[in-house]
1. Give the residue that is modelled with the lowest pLDDT, with candidates limited to residues of the stretch 68-79 that are more than 13 Å from residue 28 (Cα to Cα) and surrounded by 12 or more Cβ atoms within 10 Å (Cβ to Cβ).
2. Just give me the residues in the stretch 7-41 being among the charged types (D, E, K, R) and either more than 9 Å from the chain's Cα centre (by Cα) or modelled with pLDDT under 90 (or both), in sequence order.
3. With the condition kept exactly as written, say whether any residue in the stretch 42-55 is in a loop (DSSP other than H, G, I, E, B), more than 15 Å from residue 81 (Cβ to Cβ), charged (D, E, K, R) and at pLDDT below 90.
Amino acid sequence: MAAFLSTDASTDAIPLERSPALLYRVNEVMREGRRGQNDPERIPFFCECHRADCYAAVWLTADAYDQRRTGSESSLVSPTHDLARGRGEGRLGKRRST
């Protein structure tokens with residue numbers, strides 16, 4: 001499933017393929033937007049599994065997100081998903097480079 005990034009108001013759009021690396025970066029940008037806020041509110045980050053149709057939310061506070069990113073298991077994966085392609089058992093997996 002591809003998302004589209006519009007470059008302007010025209011109908012031309014650049015297709016973006018959903019990937020764990022893309023969603024990792026989106027999640028990092030979302031976290032940066034909350035930097036400096038001490039609000040314990042949970043933030044809906046994107047699941048970083050390999051399922052092409054997945055846009056599940058992984059709800060974490062900013063502190064919990066930072067702890068996950070600094071740990072050895074840094075990818076955010078929905079509890080019902082697996083980091084590996086096409087597998088259904090959920091877990092938090094190690095970040096893979098793509």
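1. Looking at the filtered set, the residue picked out is 73.
2. 8, 12, 17, 18, 31, 32, 34, 35, 39, 41, listed by residue number.
3. Checked the stretch 42-55: no residue is in a loop (DSSP other than H, G, I, E, B), more than 15 Å from residue 81 (Cβ to Cβ), charged (D, E, K, R) and at pLDDT below 90.
The values are calculated or read from the model by the stated rules, or taken from the named source; none is laboratory data. Remember, predicted model here, so these are calculated numbers, not experimental data. We place every Cβ from the backbone using ideal geometry, glycine too, and count neighbours over all the protein chains shown.
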